[in-house]
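Notes follow the structure.
The values are calculated or read from the model by the stated rules, or taken from the named source; none is laboratory data. Computed from a predicted model, the values in this text were never measured in an experiment. Quick reminder, even Gly has a Cβ in these numbers, built from the backbone with ideal geometry, and neighbours come from all protein chains shown. What goes into the accessible areas is simple: the full protein's heavy atoms, side chains included, and nothing from ligands, DNA or RNA. Shrake-Rupley method; radii C 1.70, N 1.55, O 1.52, S 1.80 Å.
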Amino acid sequence: MPRVLDAKTLRVVWTILAVIGALALLYLLRTVLLVLAFAVVFAYLIFPLVKLVERGLPGSRRRPLAIGVVYLVLVAALSTLVALVGPPLGRELAALGQKFPEMSAQIKSGRVISNIFPRWGGAEILDDLVRAHLPQVVEYAQHGLTSALGWLTGAWVVVMVPIFAFFFLRDAERIADSVTGAIDDRRGRRELSETIAQDLHSVLGEYVRALVLLCALTFVVWTVLFLIAGVPYALVLAAIGGALEFLPVVGPLAAGVTVTAVAVFSGFAHPWLLALFILVWRLVQDYVSSPLIMGRGVELHPGLVIFGVLAGGELAGVAGMFLSVPVIAGLRVVWRRLRDFREEPSRD
């Protein structure tokens, strides 16, 4: 009888099954992998501080001590920030919570755009659209925010992220050497892997640190301007804007809508000026601040960023949106290096 499956077909089938099994395993372990990913992000964030402290310490095993010193400094800095900003922020949150039922009633009434532009005839049409689709948008936003806060504030996440980051920082060079050393040295493959590793290290480090600077810049600028202009709940709205800066595309849009809506329903006299400022600030961030702070290796096509954010949101929610841009930037670095490697003349 003829053989139904030959050796080549069996290898293809086993390869497909192995890939499917690996993808299924990654999906089942997605929560743990997200914790590892955030640990890597945190490690990249404080890596320059660790290197700076390490240079000033004596002895041969300075890295663990330097990490401990940086952790202590971060805890002290965060405690000081909470002590300074926490009380007024808490009072504004409490006041906003008391105001929220009234805002919800106004939103359900459907008069959202009309409150901003009372003399514009087209506001009624837009209000009809808002009235038709706002419940679904609010429900989706509440679900995303609740799941994100529940995941981020989980005790095991708060504990495990710095623990994993400690090991990544302590053994960073050893891990990189182990990975590149396991690659065959023929035809320059090991050199290629080392170059890719260096590029990924540079791109991810630039992205994480630049993102934190952009978030801090948004929080400071919004706080100062909102306090000067007398915007209600200035600290809360500035904190929302700074925090949502972490999410590409979706975060700034959600922050702008939230700030404008709260200003409208809180009785702020000039909400359209506030909306105009947020739009101008978005342009400044996208075309001035980001190019100056971020390296060229992180620059991505806007369409690719939007696709990555949507795909990341479908796969892993808010955390997937946050991680989508560094993942795409890393994949682009790998693809470019592999392309250049193939285009080089044949190696002996």
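For the peptides 20-27, 200-207, the ranking by packing is 200-207, 20-27, with the highest mean count of neighbouring Cβ atoms within 10 Å listed first. Using a probe of 1.4 Å, the accessible surface attributed to I293 totals some 60 Å² when neighbouring protein chains are kept in position. Counting only protein heavy atoms and a probe of 1.4 Å, the accessible surface of the stretch 258-342 is 71% carbon and sulfur. Peptides 64-73, 89-98 ranked from most to least packed, by the mean per-residue count of other Cβ atoms within 10 Å: 64-73, 89-98.
Suppose R0 equals 30 Å; then what is the FRET efficiency for L72 and T258 from their Cβ-Cβ distance, rounded to the nearest 0.05? With R0 = 30 Å, the Cβ-Cβ based efficiency is 0.30. Here the stretch 186-330 is assigned +1 on the Cβ of each Lys and Arg and -1 on the Cβ of each Asp and Glu. Its dipole about the Cα centre then comes out at about 280 debye.
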